[in-house]
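J.: Take a look at this one; I'll ask things after.
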């Protein structure tokens, strides 16, 4: 064995393995889209055009966030994160976040009342777009409003708005 053969052998060991090309390439066929998905897609486009917000991120979890940013020149940027609507629950959460932009931030005081009106807007938008409002969606709304009201009470809310009285958490209820 000479030096040249030895060097080639070492370099051959360092070369990355080339993937073998299979004769049959597997082509993934897109899954059949459900007819309802076209309706959800149309809702997303319509809401983006109407309220002028930008989707920062589609979340994989069933939670959302809406906010506004102002730059030094005073330009307002509306942002949103939520799950992409694929069913009644994710659609309700998406529309709830859009509702914050639709009704306007800081329109209602206290903050828990803003949450209430964002949920009402969301359910009205679902009804207007003929999306099924399931029992789970209503339970999610109730739980969300109870949580928001509970947080406000912990932070010192003195008077519960009339709209939120049905959502007073059990630990704060006064029995007579």
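Every read-out reported here was derived from the displayed coordinates using simple, explicitly stated rules and does not represent laboratory data. Quick caveat, the model's predicted, so the values are computed rather than measured. Note: ideal-geometry Cβ built from the backbone for every residue, glycine included; neighbour counts use all protein chains shown.
J.: Can residue 109 be described as under 17 Å from residue 39 (Cβ atoms) and either assigned to a strand (DSSP E or B) or without any contact (Cβ under 8 Å) to a residue 24 or more places away in the chain (or both)?
T.: no
J.: When only residues in segment 90-106 that are in contact (Cβ under 8 Å) with a residue 24 or more places away in the chain and within 22 Å of residue 150 (Cβ to Cβ) count, which is surrounded by the fewest Cβ atoms within 10 Å (Cβ to Cβ)?
T.: Out of the qualifying residues, it is 105.
J.: Could you check segment 107-125 and list, in sequence order, the residues that are surrounded by 20 or more Cβ atoms within 10 Å (Cβ to Cβ) and under 23 Å from residue 52 (Cβ atoms)?
T.: 115, 118, 119, 122, 125
J.: Of the residues that sit in segment 126-151 and are within 15 Å of residue 85 (Cα to Cα) and crowded, with 19+ Cβ neighbours inside 10 Å, which one is farthest from the chain's Cα centre (by Cα)?
T.: 131
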